[in-house]
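I have placed the structure first, in the form of structure tokens, so that the comments after it can refer back to it.
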């Protein structure tokens, strides 16, 4: 230490004085003085070097802590993103590699509130932690397309917004999104996005890899389906039918058998649930005018040859539901198909809980598409459009537990930060 070195210098001076004996011996004295100067210089250099090492170590620790804190911040974004997509998300099961280190996240929720704790770590053992307190608000449906599988937009097809260019016709998918179409909104996918033009950013900021979207369980879907059947049967049961003229059914109503309408008009009056225990095939410019809130079928629903499905004037809430398990291409191998210039002005939700949806050949759908099959394909092609209206409302409709509802920012929940603590 510098103090000890000074003690040694004092001793050296004493020796110097004693050795001179009061007599001046210039040669020896100068040599000793030089030795003393060298010794003191060495003491100063050692002290400065020691201080420099301390300062360098402190700087290195500050830099490492800043790096760990940046990694922890990335972890809070990761946790909030997963919580937005999944209300039951509790955190990472293992450290997630990010930059020069890893982060680990825990999420605790309680009555609309959440605590997100993220710890960033470097390989040298440096850690930093951020604790975020947030409010969690359930979202409402705000996407033109939501798919548990893939989404393809091709041949000039895509999503559009109403009002035009308001960028609210988002696409959220667990599978890949691609094939050259356009999205007038956000493109969020757990897979990858290729060849797609997004009016808004992909997740997050142009990248894929969004959190997985959670969908209803098999038991939740079965319970919901049985509930719809019960509501429909309360209004009476009729047999399936085939017609090319005008046919009227009154809801609630349970139809035991297929419905085939080839030209003409099918009027659905009343309110409530119409459940078809079979398939529904509408073709050859048939017009379906439906005043019912929910029109569901156990089999596939197909509209082709410029067929039209309209809700009643002033009705803005409706559901067109197929429980078919058809999931992919070709065209007629999906649970719900609109083709050949067919139109569905549902102003509501077109929902295939187990399957996929196809809109092709210049088809047009006003509302939202939800494809729930894990290997489902939602395909929009041939200049077809899915128009998402700002006036979309879910009031009066029925959905299974776990149905993927979304906020403007994407995600089942809106996660709003209330406090931020760095440790």
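Summary table
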| item | result |
| --- | --- |
| Cβ-derived FRET efficiency at R0 60 Å, residue 66 paired with residue 38, nearest 0.05 | 0.90 |
| Amide N of the range 71-95 lying under 17 Å from the label point, which is placed 7 angstrom from the Cα of residue 421 along Cα→Cβ | 73, 76 |
| Directionally averaged shadow of the range 63-170, computed from the convex hull of its alpha-carbon atoms, nm² | 9.8 nm² |
| Cα→Cβ-extended label distance, 7 Å offset, between residue 401 and residue 133, nm | 3.1 nm |
| Size descriptor, Kirkwood hydrodynamic radius, that averages inverse alpha-carbon separations across the range 145-389, Å | 17.7 Å |
| Additional length obtainable on full extension of the chain from residue 391 to residue 223, 0.36 nm per residue less Cα span | 57.6 nm |
| FRET efficiency, 1/(1 + (r/R0)^6) with R0 35 Å, evaluated for residue 87 and residue 289 via beta carbons | 0.40 |
| Approximate spin-label separation residue 325-residue 234, in nm, with each point projected 7 Å along Cα-to-Cβ | 3.0 nm |
| Mean Cβ count within 10 Å, highest first, over the residues of peptides 254-263, 351-360 | 351-360, 254-263 |
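Since every read-out is calculated from the coordinates, none of them should be taken as a lab result. Remember, it's a predicted structure, so these values are computed and weren't measured experimentally. Backbone-built Cβ (ideal geometry, glycine too); neighbour counts: all protein chains shown.
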